[in-house]
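Undergrad: Take this structure, written in structure tokens, and hold onto it; I'll ask about it next.
The values are calculated or read from the model by the stated rules, or taken from the named source; none is laboratory data. Values in this document were obtained by computation on a predicted structure and should not be read as measured data. With ideal geometry, Cβ positions are generated from the backbone for all residues, glycine too; neighbour counts draw on all protein chains shown. To get the accessible areas, we keep the full protein, side chains included, count just its heavy atoms, and leave off ligands, DNA and RNA. Shrake-Rupley method; radii C 1.70, N 1.55, O 1.52, S 1.80 Å.
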Amino acid sequence: MPIFMDRHYLEGTSPAEVAQAHRMDIDIQDRYGVKFLTYWFDERRGTAFCLVDAPDMETVQCVHREAHGFVANEIVEVALSAVEAFLGRINDPDPAPGQSSPQMDPGHRAILFTDIVGSTEMTARLGDRMGTELVRAHDAIVRRCLGKNSGREVKHTGDGIMAAFAVTTAAVECAMAIQQEFQHYNGGNNAQPIHIRIGLDCGEPVEDSNDLFGSTVQLAARLCAAAASDQILVSENIFREYGATDVFAHATRRRLKGFSKPMLVFRCDWSNAGRHLS
């Protein structure tokens, strides 16, 4: 059966009420031949997401309607591999030691893209073997920083990496750490420096484009492509959620491919990352 993710707007609903609704779905799921795999709830934004193995969207709505009345505002078909890559799980989380119920994940994610500047020219000039070695050096640095900042690699793009973070501040701090690491790498005894650009956006799992993380991924990728060498560009969403406004500077509106209106873009001052991360 296909896998669906739905979104509910539940402003004013408590985590306990959402947890009870999830249990009520599970209580009658066998009657409809579906399986509710897990859910996410963001109390601050008033949104809940369910992941359901079901024959079709209409059946998902029927279960919600009979169980508790919280019908979904949106439903999209998704791939389990995509859900696990972005959100890190496809089943209800286990409670932490000493807890009777698990800490509920809000499902909000920050997306980070890296890109090696001039990678095609670099490979043509240095040859495939050396070009591959430089990509491996990039991967090692980025993955080390992801590990230190609770980032999850979603995929390798050939000359960069796409990653997801549950916490926006961790994504920004990881981006700054990555640029600092490359600055250190380039200042060493390496014959060929590596310069990268980074783009960041954050959002929720189900987007208006009917694709898991559709517009969030697209904007993060466009910001990465628009960044200059050694730059980090972030969206207005990242700027608002990070909190430390002195990290960001040079706000401009830019036209980015795929977006009808100019987007407000901020440059991250990673050169002072040590001051902000200390």
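Undergrad: Rank by packing, highest mean first: peptides 174-181, 33-40, with packing defined as the count of other Cβ atoms within 10 Å averaged across residues.
TA: Numbers: 174-181: 22.8, 33-40: 19.0.
Taking the mean over residues of other Cβ atoms within 10 Å, the ranking is 174-181, 33-40.
Undergrad: So I have (i) 0.95; (ii) 1.12; (iii) 1.28, and one of them is Cα Rg over 2.2 N^0.38 Å calculated from this model. Which one is it?
TA: Checking each listed value against the structure points to (ii).
Undergrad: Turning to a different aspect of this structure: I'd like the Karplus ³J(HN,Hα) series for the range 221-234: coefficients 6.51, -1.76, 1.60, θ = phi - 60°, whole numbers in Hz, and an x wherever there's a Gly or Pro.
TA: Working through the residues one at a time gives 5, 5, 5, 4, 5, 7, 5, 7, 4, 6, 9, 10, 10, 10 Hz.
Undergrad: Something else: Under a 1.4 Å probe, what is the accessible area of the chain per residue, stated in Å²?
TA: 48
Undergrad: By how many nm would the segment from residue 35 to residue 91 lengthen if fully extended, with 0.36 nm per residue of separation less the alpha-carbon distance? Walk me through the numbers before you get to the answer.
TA: Working: separation 56, 0.36 × 56 = 20.16 nm, distance 1.07 nm.
The residue 35-residue 91 span can extend by a further 19.1 nm.
Undergrad: Let me ask something additional. Would you mind telling me which residue in 103, 183, 192 has the biggest mean-square fluctuation in a Gaussian network model of the chain, where springs connect alpha carbons within a distance under 10 angstrom?
TA: 103
Undergrad: Quick one: Kirkwood hydrodynamic radius for the range 1-147, alpha-carbon pairs, angstrom, one decimal? Walk me through the intermediate numbers first.
TA: Values: mean 1/r = 0.0558 Å⁻¹.
About 17.9 Å, per the Kirkwood formula over Cα pairs.
Undergrad: For the range 252-271 and the range 44-62, what is the separation of their Cα centres, given in Å?
TA: One Cα centre to the other: 33 Å.
Undergrad: Would you mind telling me the antiparallel percentage of the DSSP bridges in the chain, rounded to 5?
TA: Values: 45 of 48 bridges.
DSSP beta bridges in the chain are roughly 95 percent antiparallel.
Undergrad: From the phi of every residue in the range 45-51, what ³J(HN,Hα) in whole Hz does the Karplus formula 6.51 cos²θ - 1.76 cosθ + 1.60 yield, where θ is phi - 60° and glycine or proline is x?
TA: Karplus-based 3J(HN,Hα) across the range 45-51 equals 8, x, 10, 10, 10, 10, 10 Hz.
Undergrad: Can you tell me which of 219, 126, 87 moves the most in a GNM of the chain? Springs connect C-alpha atoms under 10 Å apart.
TA: The residue with the greatest mean-square fluctuation here is 126.
Undergrad: Sequence-distant or interchain residues sharing an amide H contact under 5 Å with residue 3, placed H: which?
TA: For residue 3, the qualifying residues are 78.
Undergrad: Dividing the convex hull volume of the Cα atoms of the range 74-130 by its residue count, what figure in Å³ per residue is obtained? Intermediate results must be reported in sequence, preceding the final value.
TA: Details: hull volume 11.4 nm³, N = 57.
So the per-residue Cα hull volume is 200 Å³.
Undergrad: State the Kirkwood hydrodynamic radius of the range 125-249 in Å, one decimal place, computed from all pairs of distinct Cα atoms. Walk me through the numbers before you get to the answer.
TA: On the way: mean 1/r = 0.0653 Å⁻¹.
Kirkwood hydrodynamic radius for the range 125-249: 15.3 Å.
Undergrad: What residues qualify as long-range amide H neighbours of residue 196, i.e. H under 5 Å apart, gap of 5 or more or another chain, H built at 1.01 Å from N?
TA: 117, 230
Undergrad: Gain in length, residue 251 to residue 66, computed as 0.36 nm per residue apart minus the alpha-carbon separation, to one decimal in nm?
TA: Numbers: separation 185, 0.36 × 185 = 66.60 nm, distance 4.87 nm.
Gain on stretching residue 251 to residue 66: 61.7 nm.
Undergrad: Next up: So for the pair residue 259, residue 183, with labels modelled 7 Å out along Cα→Cβ, what separation do we get in nm?
TA: Calculated label separation equals 2.6 nm.
Undergrad: Would you grab the residues whose amide H sits under 5 Å from the one on residue 211? Only those 5+ places off in sequence or on another chain, please, with H modelled 1.01 Å from N.
TA: Residues meeting the amide H criterion: none.
Undergrad: Using a/c under 1.5 as the rounded threshold, could you call the range 31-92 rounded, prolate or oblate? The axes a ≥ b ≥ c are square roots of the C-alpha gyration tensor eigenvalues, and prolate needs a/b larger than b/c, oblate otherwise. Show your work: numbers first, answer last.
TA: Values: a/c = 1.90, a/b = 1.19, b/c = 1.59.
Here the range 31-92 falls in the oblate category.
Undergrad: Also, I was wondering about something else. Can you figure out the FRET efficiency of residue 124 with residue 271, using R₀ = 51 Å and their beta-carbon distance, to the nearest 0.05? It would help to have the intermediate numbers written out before the result.
TA: Numbers: r = 31 Å, r/R0 = 0.60.
Once the sixth-power term is evaluated, E becomes 0.95.
Undergrad: Using alpha-carbon positions, what is the distance between the centroids of the range 119-139 and the range 154-208, in Å?
TA: Computed from Cα coordinates, the inter-centre distance equals 18 Å.
Undergrad: I've got another one for you. Apply the Karplus curve 6.51 cos²θ - 1.76 cosθ + 1.60, θ = phi - 60°, to the phi angles in the range 171-177 and return the couplings in whole Hz, x for Gly and Pro.
TA: So the J values, rounded to whole Hz, are 5, 5, 5, 5, 4, 5, 5.
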